[in-house]
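A quick write-up on the structure given underneath.
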Amino acid sequence: MNQTVRKLIGVVLLTVSCLTMVYSQTSTPQSKSGEKVDVKKVVPRKGGGKLIEEFLFFIKDFKCDHQTEMNNLNIEVSFRYVKNIPESDYPDFRLLAKDIETFLTNYPNEKDYWEIVNKRLTAQLMKKYPVILSLTSEIKSDPTPLDPYFRASRVTRERGN
């Protein structure tokens, strides 16, 4: 018998021996104990459970003159909305992005570390947008001639109860 025929027979035998392991799932739902569940008696929870809404956006390659150098920043902002926020109160994230760009462009203290800048930025955003329950801002700075390292500052603020 040639080599190809032997391999083919081996594949067929292996396939046939595996057929007994294949089974279909039952179409009737079962509980963890294995009992059948009457789907007519299953009642979904109102509202679908606890709702947590978050939003995230990035500002990529933002140029900012700070600490005597032109910095290339990549900024990630994420926030969580207050509970039961009315649909009319969702802020347009582009307004937040513009506020961040304006804040960084007009930042008054050239000597502040990025951590201080970020702390003040998050305080301003939380004050301006009361529908935000918590906010995280991460400012990443590319290496510069004076600071040849990648750097990042992450600040998270949460509203008190």
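Can you tell me which residue in segment 62-92 is farthest from residue 134 (Cα to Cα), limited to those that are among the polar types (S, T, N, Q) and surrounded by 12 or more Cβ atoms within 10 Å (Cβ to Cβ)? Result: 67.
Somewhere in segment 106-122, is a residue touching a residue at least 24 places away in the same chain (Cβ under 8 Å) and either under 27 Å from residue 51 (Cβ atoms) or touching a Cys at 6+ places or on another chain (Cβ under 6 Å) (or both)? Within segment 106-122 (the criterion being touching a residue at least 24 places away in the same chain (Cβ under 8 Å) and either under 27 Å from residue 51 (Cβ atoms) or touching a Cys at 6+ places or on another chain (Cβ under 6 Å) (or both)), the answer is yes, since at least one residue qualifies. Out of 88, 78, one residue alone is in contact (Cβ under 8 Å) with a residue 40 or more places away in the chain and among the small types (Gly, Ala, Ser). It is 78. Name every residue in segment 34-73 that is at pLDDT below 65 and among the aliphatic types (A, V, I, L, M), in order of residue number. Of everything in segment 34-73, those that are at pLDDT below 65 and among the aliphatic types (A, V, I, L, M) turn out to be 37, 39, 42, 43.
Applying the set (1) under 25 Å from residue 51 (Cβ atoms); (2) more than 21 Å from the chain's Cα centre (by Cα) to residue 133 leaves exactly one unmet item: (2).
Restricting 134, 153 to residues that are under 17 Å from residue 71 (Cα atoms), out of contact with any His (no Cβ under 7 Å at 6 or more places or on another chain), touching a residue at least 24 places away in the same chain (Cβ under 8 Å) and of a type in the set (Ser, Thr, Tyr) narrows the list to 153.
Quick check, is residue 77 hydrophobic (A, V, I, L, M, F, W, C), touching a Ser or Thr at 6+ places or on another chain (Cβ under 8 Å) and in a helix (DSSP H, G or I)? Steps first, answer last, please.
Details: hydrophobic (A, V, I, L, M, F, W, C): yes; touching a Ser or Thr at 6+ places or on another chain (Cβ under 8 Å): yes; in a helix (DSSP H, G or I): no.
For residue 77, the condition - hydrophobic (A, V, I, L, M, F, W, C), touching a Ser or Thr at 6+ places or on another chain (Cβ under 8 Å) and in a helix (DSSP H, G or I) - is not met.
The values are calculated or read from the model by the stated rules, or taken from the named source; none is laboratory data. This one's a predicted model, so the numbers in the text were calculated from it and none came from an experiment. Ideal geometry is used to build each Cβ from the backbone, glycine not excepted, and the neighbour counts take in all protein chains shown.
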